[in-house]
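The structure appears below as structure tokens.
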Amino acid sequence: MTVLEQERIQTQSTSKTFRVIGRRVPRPDGVDKVTGRAQYGADVKLSGMLYGKVLRSPHAHARIVSIDTREAEALPGVKAVITGKDFKPAEDRVERSGEGVVNYSYLSQNVMAQDKVLYHGHAVAAVAATNPHIAEEALARIKVEYEVLPPVLDVLEAMREDAPILLPNLRTRELGEPVSDRPTNIASHEQYARGDVERGFAEADVIVEREFRTSTVHQGYIEPQNATALWNADGFITVWTSTQAAWDERRELSEILHVPISNIRVIPMEIGGGFGGKLNVYLEPLAALLSLKAGHRPVKMWMQRDEVLKATGPTSASVIRVKVGARRDGVITAAQAWLAYEAGAFPGSPVGAGMGVIFAPYRLENLLIDGYDVVVNKPAAKPYRAPGGTNAAFASETVVDELAEKLGMDPIAFRRINAAKEGDRRADGPVYGRIGYIETLDAIANHPHYRSPLPAPSAPWCRVGRGVASGFWFNWDGKSSASAIVNPDGTVSYLEGSTDIGGTRASLAMQLAETLGIDYTDVRPMVGDTQTVGYNDATGGSRTTYGSGIAAYHLGKAIIRAMKERAARLWDVPAEDVDVDGDTYCYGERCITFKALCAKLEETGGPLSVSVSVDTHGAIPALATHVVDVEVDIETGKVSILRYTAAQDVGRAIHPDYVEGQIHGGVAQGIGWALNEEYVYDADGHLLNASLLDYRMPTALDLPMIETVLVEVPNPNHPFGVKGVGEVPIVPPAAAIANAIYRAIGVRMTTLPMKPSAILKALGTIP
Amino acid sequence: MQAFEYVAPRSLDEATHVLAHVGAEARCLGGGTDLIAQMREGRRSARVVVDIKRIPELDALKFDPIHGLTLGAAVPCSRIHSHGAVAAAFPGLIDAVSLIGGIAIQNRASLGGNICTASPAGDSLPALLVHNAHVLLASAQGTRRLPLSAFFVGPGKTVLRPDELVVQIELPAPPAGFGAAYLRFTPRNEMDIAVVGVGAAVVLENGLITQARVALGAVAPTPILVPEAAEALVGKAPSPEVFADAAAAAQRAAQPITDMRGTAEQRRHLVGVLTWRALQRAVERARVSQLPQPTAQ
């Protein structure tokens, strides 16, 4: 195996030396994961446990005329059957949740259909039985009568005035206000405007305008959704589940089940991937209701792969029109975009994020961006890693590449002329803090990959090309809590509440160890649940190492304050006169280490535990620039990725392995989205490829070794300079690959995925 | 999944007796890479599952350079491609068995299973056809032997009767100057179903193609041999133009459909591309096989 040199570029202000931060330490959960001992949702086993299964709609759009569950209930071993009738309507109210917002009424209707099914795979009933086979048999005995309605499967079709209507009460909102009383599939229209685009285009020497389409794609986490719930006889509900957002799920369960949050405990198990797809409930309320109806027995549910693909995730297909003009000197004079995103069955596509991403890398005086959130008969869209960003950047970065080409400029040099920097205002309003976009452009421009010639094609029928693209992601900060117990042996038991989805137990424990001046191995991290640790926002939005890192820092500072008091008590001196340097506490000549002071806890006031809760601000967006070499087989249309290099402003890499891992993962998913992943529907709205055989995510054999350049431009708002890193790596790949394909075969690809048949069509080889 | 009975006969007699008794409600289990998945997904049911891996004839791999290769129906792919002499003699077959599934699947999946599943896209099928394979079937009434090309009836359908099972697949020893190849097109490099598969085999004598076979997968209800492609090759010296003639004949013989894995137009186009490339590779291998081989010490 080739081990690649992974590069780190540090700006001057990062030269500060750290004890723990920046090292590649072993992960605390490593042994359990490689030996199979880590406890996932599938490992939950309780006495008297029942097994639940879901009956799903075979239609994309239909009215439920009747459901007869009597034969299922009569089957020996069946303990409970639920349908939409078992759910009291949840409030039609919107709240922030995870990375986006949630409307509890829609969420409730998504986990169990009420009077209508809105997509192939929509849940219509669920059964709990003494074993999963009986539960499955019972599903076959439920009789559902449907009145099938015409489906609408395409965003532009859905926007037509004569389109079939999914939600009869939906009215278009603009800037939050209803603008018409007509039933519609357009949930919202938003707009960002600045300057005068008409004047800007008039000043342009070159204008490029194109329309793009992207397909529905899934997050593709390997662990299916699962939940085990016990609705106890005392009214308390415990849920063991795979989630990125235990507190959001508690709130959602409270709203859907009409139970106070104090009666609900959500225990996040180890998680086998989420990428934004595990921020909201699916099975949890079903398992809880089945548990109640089955006489307070615990009910375990898990989805099969086809259910995951049919009924969870995915992210939006979209149509995006982009028009950008530039002067001969390379300055962009105006940029305009029109984005329509499919929300799936219920409002809530990430079109707003797409509008924010689309021109974010550039300083623009004149811009106009319109975005539409549109319901269609597909599963309700859920966040997927930089939600909406890949679609948007595919469109804008292809147009930027074409502008550079038309102006005869190097694509990086063109971007550099227009690059946003600290103090520039984003399209969505905020002014940039210390971003490192230009640094990523320079890192790629100077990289051996970009400076080396393209390799020769491997066969006479192959062509090679190189493309670049940049990407932006907002990054989130949010609320975090954590607790610590200081042990007499000098270690610190550290309880945090952010689901560890990308190595954050390590990156948070490192920040606590750094703050305390102690060894990383002396901090023992553990992920708590909604009952054992204070509130935490979701693990999402690239917030955890930032926001929960600040909580770890404040937790460390609180421990230091307490330890100063212990030292003061030991020596009978005022606490404010005790000085701390690293792990050493001193009063004049008298000094004691953290470890030695821990041994004196008993005699200085007894056990010591500390908790903090913080509401953090000051996240700074992530920017990245990628370069890719592709080879296109012009006879088969297949695109192979030959070499891939990603440069990203990571603020400060707390644990470089995990930062690189996030980049590798994001790029791998971006390559899949670019080349082969898509939901394939028939005309009636049936999902035809609900398996990992036919939903073609890349395997290891489809990916190159991915080179990374960690550009460290520290965030001044974070004690260690952290910026979120997890999402932006998925933003540039589709555009970078499209640009590389263009350089190889001379055709601009404007539809994702850029699958072999699409390449052959673009080349005119097949009709 | 419904409950089923499981039996693991130790002899061919025992197995054919079970099949005669249970009939259509019995399913033979080789590596299970198709059957288990199909039963779990409710696409196939069985009252009795007959595990055939313990029957000696079905687990035997026999090769000699004169009589050729006999593959028990349950022999897993990995045993075939790790057999040095077999790998050297049957390059088209080896292309196919090396790319069916990942390593773990190759340790289970058998060619008996691949032919009985009778998917038009089954990777081993065009390869076996160009290697001129025959199959031996057995029932309580006796055995019958037929060319593999006569085995397939339609997607998932074969001439196998409910009381019969495939005992073995027989491949004749290739003559001197033989070369073969199997190529498939998949959007991903692995873990994918062939959009089109093409097997090609040639015999070169004195610079001329004296025998040829071309077989196509995933472009008709069954894998098909294309005699017209062979006719375009026999008696000619190998050249890009001759390959193109054969490729055009293969395209004419294809009857592709449009489904989620590819369109009819894409498939017909790919038949031409892959036939040309498979022939080129088969001829390269035929030329190598004519070179003096190093003798074993």
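The values are calculated or read from the model by the stated rules, or taken from the named source; none is laboratory data. Note that the coordinates shown come from a computational prediction; the quantities given were computed from them, not determined experimentally. A quick note on method: Cβ atoms are made from the backbone with ideal geometry, for glycine too, and the neighbour counts reach across all protein chains shown.
Quick check on A:Gly490: is it more than 23 Å from the chain's Cα centre (by Cα), surrounded by fewer than 20 Cβ atoms within 10 Å (Cβ to Cβ) and at positive phi?
Details: more than 23 Å from the chain's Cα centre (by Cα): yes; surrounded by fewer than 20 Cβ atoms within 10 Å (Cβ to Cβ): yes; at positive phi: yes.
Judged against the criteria, A:Gly490 is a match.
Can you find a residue that is touching a Ser or Thr at 6+ places or on another chain (Cβ under 8 Å), closer than 21 Å to A:Arg561 by Cα and either polar (S, T, N, Q) or not in a strand (DSSP E or B) (or both) anywhere in the stretch A:638-647?
Quick first cut of the stretch A:638-647, residues touching a Ser or Thr at 6+ places or on another chain (Cβ under 8 Å) only: A:645-647.
Subsequent filtering for residues that are closer than 21 Å to A:Arg561 by Cα retains none.
No.
Out of all the residues in the stretch A:608-619, is one or more touching a residue at least 40 places away in the same chain (Cβ under 8 Å) and surrounded by 24 or more Cβ atoms within 10 Å (Cβ to Cβ)?
Taking the stretch A:608-619 first, the residues touching a residue at least 40 places away in the same chain (Cβ under 8 Å) are A:608-619.
Remaining after also requiring surrounded by 24 or more Cβ atoms within 10 Å (Cβ to Cβ): A:619.
Within the stretch A:608-619, one or more residues are touching a residue at least 40 places away in the same chain (Cβ under 8 Å) and surrounded by 24 or more Cβ atoms within 10 Å (Cβ to Cβ).
In the stretch A:123-160, which residues are of a type in the set (Ser, Thr, Tyr) and closer than 23 Å to A:Thr228 by Cα?
A:Thr130
Restricting to strands (runs of 3 or more DSSP E) lying wholly in the stretch B:170-229: which have 2 or more residues that are within 14 Å of chain A (Cβ to nearest Cβ)? Steps first, answer last, please.
Numbers: elements: B:178-185, B:196-205, B:208-217.
Fully inside the stretch B:170-229 and qualifying: B:178-185, B:196-205.
With B:Arg27, B:Arg10, B:Arg44 as the choices, which residue is away from chain A (no Cβ under 14 Å) and within 17 Å of B:Gly72 (Cβ to Cβ)? Break it down stepwise before answering.
On the way: B:Arg27 fails: within 17 Å of B:Gly72 (Cβ to Cβ); B:Arg44 fails: within 17 Å of B:Gly72 (Cβ to Cβ).
Just one listed residue meets the conditions, B:Arg10.
Check whether at least one residue in the stretch A:400-421 is over 21 Å from A:Ile207 (Cα atoms) and surrounded by fewer than 20 Cβ atoms within 10 Å (Cβ to Cβ), and report yes or no. Even if it seems obvious, please write down each step before you answer.
Of the residues in the stretch A:400-421, the ones over 21 Å from A:Ile207 (Cα atoms) are A:421.
Cutting the leftovers down to surrounded by fewer than 20 Cβ atoms within 10 Å (Cβ to Cβ) gives us A:421.
Yes.
Quick one: how many residues across the stretch A:321-358 are in contact with a helix residue (DSSP H, G or I) (Cβ under 6 Å, 6 or more places away or on another chain), outside any helix (DSSP H, G or I) and closer than 30 Å to A:Leu279 by Cα?
6
Can you find, within the stretch B:30-41, the residue that is farthest from the other protein chains (Cβ to nearest Cβ) among those that are of a type outside the set (Val, Ile, Thr) and out of contact with any strand residue (DSSP E or B) (no Cβ under 6 Å at 6 or more places or on another chain)? It would help to see each step written out before you state the result.
So in the stretch B:30-41, the residues of a type outside the set (Val, Ile, Thr) come out as B:30-32, B:34-35, B:37-41.
Still in the list and also out of contact with any strand residue (DSSP E or B) (no Cβ under 6 Å at 6 or more places or on another chain): B:32, B:34, B:37-41.
Details: B:Gly32: 16, B:Asp34: 12, B:Ala37: 10, B:Gln38: 12, B:Met39: 12, B:Arg40: 9, B:Glu41: 8 Å.
The residue in question is B:Gly32.
Of all the residues that make up the stretch A:601-628, how many are more than 31 Å from the chain's Cα centre (by Cα) and farther than 20 Å from A:Ala551 by Cβ?
So the answer is 7.
Are any residues in the stretch A:582-634 part of a helix (DSSP H, G or I) and touching a Lys or Arg at 6+ places or on another chain (Cβ under 7 Å), and if so, which ones? It would help to see each step written out before you state the result.
Within the stretch A:582-634, the first condition is being part of a helix (DSSP H, G or I), and the residues that meet it are A:594-598, A:602-604.
Within the stretch A:582-634, A:Leu597, A:Thr604 qualify.
Does A:Val747 satisfy the criteria of being more than 14 Å from chain B (Cβ to nearest Cβ) and assigned to a loop (DSSP other than H, G, I, E, B)? Reasoning before the result, please.
Values: more than 14 Å from chain B (Cβ to nearest Cβ): yes; assigned to a loop (DSSP other than H, G, I, E, B): yes.
Answer is yes for this residue.
Being within 14 Å of chain A (Cβ to nearest Cβ) and outside any helix (DSSP H, G or I) is the filter here, so list the residues in the stretch B:247-264 that pass it. Show your work before the answer.
First pass over the stretch B:247-264, keeping only residues within 14 Å of chain A (Cβ to nearest Cβ): B:247, B:251, B:254, B:256-264.
Across the stretch B:247-264, the qualifying residues are B:Ala254, B:Pro256, B:Ile257, B:Thr258, B:Asp259, B:Met260, B:Arg261, B:Gly262, B:Thr263.
Return yes when A:Ala158 is in a strand (DSSP E or B), hydrophobic (A, V, I, L, M, F, W, C) and at pLDDT 95 or above and no when it is not. Show your work before the answer.
Working: in a strand (DSSP E or B): no; hydrophobic (A, V, I, L, M, F, W, C): yes; at pLDDT 95 or above: yes.
No, not satisfied.
For the stretch A:405-421, name all the residues that are assigned to a loop (DSSP other than H, G, I, E, B) and closer than 21 Å to A:Pro732 by Cβ.
A:Leu407, A:Met409, A:Asp410, A:Ala420, A:Lys421
Within the stretch A:305-312, identify whether any single residue is surrounded by fewer than 20 Cβ atoms within 10 Å (Cβ to Cβ) and under 22 Å from A:Leu55 (Cα atoms), and answer yes or no.
Quick first cut of the stretch A:305-312, residues surrounded by fewer than 20 Cβ atoms within 10 Å (Cβ to Cβ) only: A:305-306.
Retained after the next criterion (residues that are under 22 Å from A:Leu55 (Cα atoms)): A:305-306.
Looking through the stretch A:305-312, at least one residue is surrounded by fewer than 20 Cβ atoms within 10 Å (Cβ to Cβ) and under 22 Å from A:Leu55 (Cα atoms).
Of everything in the stretch A:631-681 that's touching an Asp or Glu at 6+ places or on another chain (Cβ under 6 Å) and either of a type in the set (S, T, N, Q) or at the interface with another protein chain (Cβ under 10 Å from one of its Cβ atoms) (or both), which residue is farthest from A:Arg463 (Cα to Cα)?
A:Thr645
From the list A:Tyr119, A:Tyr106, which residue is within 30 Å of A:Pro168 (Cα to Cα), assigned to a loop (DSSP other than H, G, I, E, B), more than 14 Å from every other protein chain (Cβ to nearest Cβ) and among the aromatic types (Phe, Trp, Tyr)? Talk me through it step by step, then tell me what you get.
On the way: A:Tyr106 fails: assigned to a loop (DSSP other than H, G, I, E, B).
Checking each option against the conditions leaves just A:Tyr119.
I'd like to know if the stretch A:188-198 contains one or more residues that are closer than 24 Å to A:Ala386 by Cβ, surrounded by fewer than 22 Cβ atoms within 10 Å (Cβ to Cβ), aromatic (Phe, Trp, Tyr) and at pLDDT 95 or above.
Within the stretch A:188-198, one or more residues are closer than 24 Å to A:Ala386 by Cβ, surrounded by fewer than 22 Cβ atoms within 10 Å (Cβ to Cβ), aromatic (Phe, Trp, Tyr) and at pLDDT 95 or above.
I'm checking my understanding of the structure. Among residues of the stretch A:690-714 that are within 15 Å of B:Arg261 (Cα to Cα) and touching a residue at least 24 places away in the same chain (Cβ under 8 Å), which one is nearest to the other protein chains (Cβ to nearest Cβ)? Explain how you work it out, then say what you get.
Applying the first criterion (within 15 Å of B:Arg261 (Cα to Cα)) to the stretch A:690-714 yields A:690-697.
Retained after the next criterion (residues that are touching a residue at least 24 places away in the same chain (Cβ under 8 Å)): A:690-692, A:695-697.
Values: A:Ala690: 11, A:Ser691: 9, A:Leu692: 8, A:Tyr695: 10, A:Arg696: 5, A:Met697: 8 Å.
Filtering first and then ranking leaves A:Arg696.
Does A:Asp684 satisfy the condition of being farther than 26 Å from A:Gly502 by Cα, at the interface with chain B (Cβ under 10 Å from one of its Cβ atoms), more than 20 Å from the chain's Cα centre (by Cα) and acidic (Asp, Glu)? Please lay out each step first, then the result.
Numbers: farther than 26 Å from A:Gly502 by Cα: yes; at the interface with chain B (Cβ under 10 Å from one of its Cβ atoms): no; more than 20 Å from the chain's Cα centre (by Cα): yes; acidic (Asp, Glu): yes.
No.
Is it the case that the stretch A:431-441 has a residue that's more than 29 Å from A:Gly724 (Cβ to Cβ) and either under 25 Å from the mean Cα position of the chain (by Cα) or surrounded by 15 or more Cβ atoms within 10 Å (Cβ to Cβ) (or both)? Steps first, please.
Our first condition is that a residue be more than 29 Å from A:Gly724 (Cβ to Cβ); within the stretch A:431-441, this holds for none.
Looking for residues that are more than 29 Å from A:Gly724 (Cβ to Cβ) and either under 25 Å from the mean Cα position of the chain (by Cα) or surrounded by 15 or more Cβ atoms within 10 Å (Cβ to Cβ) (or both), one finds none in the stretch A:431-441, hence no.
Residues of the stretch B:220-255 being more than 18 Å from B:Ala181 (Cα to Cα) and in contact (Cβ under 8 Å) with a residue 60 or more places away in the chain, which ones?
Selection gives B:Ala220, B:Pro221, B:Thr222.
Could you check how many residues of the stretch B:232-246 are assigned to a helix (DSSP H, G or I) and either surrounded by 15 or more Cβ atoms within 10 Å (Cβ to Cβ) or modelled with pLDDT under 95 (or both)?
Applying the first criterion (assigned to a helix (DSSP H, G or I)) to the stretch B:232-246 yields B:232-233, B:240-246.
If we keep only those that are either surrounded by 15 or more Cβ atoms within 10 Å (Cβ to Cβ) or modelled with pLDDT under 95 (or both) too, we end up with B:232-233, B:242-246.
Total satisfying the criteria: 7.
Of everything in the stretch A:121-137, what is touching a residue at least 12 places away in the same chain (Cβ under 8 Å) and under 23 Å from A:Ala690 (Cα atoms)? Give them in sequence order. Before the answer, list the steps.
Here is the first cut: in the stretch A:121-137, the residues touching a residue at least 12 places away in the same chain (Cβ under 8 Å) are A:121-132, A:134-137.
Correct list: A:Gly121, A:His122, A:Ala123, A:Val124, A:Ala125, A:Ala126, A:Val127, A:Pro132, A:Ala135, A:Glu136, A:Glu137.
What are the pairs with Cβ atoms under 6 angstrom where one residue, in the stretch B:24-36, is over 16 Å from B:Thr158 (Cα atoms) and the other, located anywhere, is surrounded by fewer than 22 Cβ atoms within 10 Å (Cβ to Cβ) and of a type in the set (Asp, Glu)? Sequence gap at least six, or different chains.
Short answer, once both residue conditions are applied: B:Leu29/B:Asp51.
Quick one: B:Arg144 ticks every box in (1) touching a residue at least 24 places away in the same chain (Cβ under 8 Å); (2) in a strand (DSSP E or B) bar one, so which box is it?
(1)
Scan the stretch A:313-324 for residues that are over 16 Å from A:Ala158 (Cβ atoms) and surrounded by fewer than 24 Cβ atoms within 10 Å (Cβ to Cβ) and jot them down.
Across the stretch A:313-324, the qualifying residues are A:Arg321, A:Lys323.
Considering only the stretch B:40-61, I want to know if a residue exists there that is under 30 Å from B:Ala286 (Cβ atoms) and not charged (D, E, K, R). Walk me through it before giving the result.
Filtering the stretch B:40-61 down to residues under 30 Å from B:Ala286 (Cβ atoms) leaves B:60-61.
Filter once more, so that each one left must be not charged (D, E, K, R): B:60-61.
Checked against the condition, which is being under 30 Å from B:Ala286 (Cβ atoms) and not charged (D, E, K, R), the stretch B:40-61 yields at least one hit.
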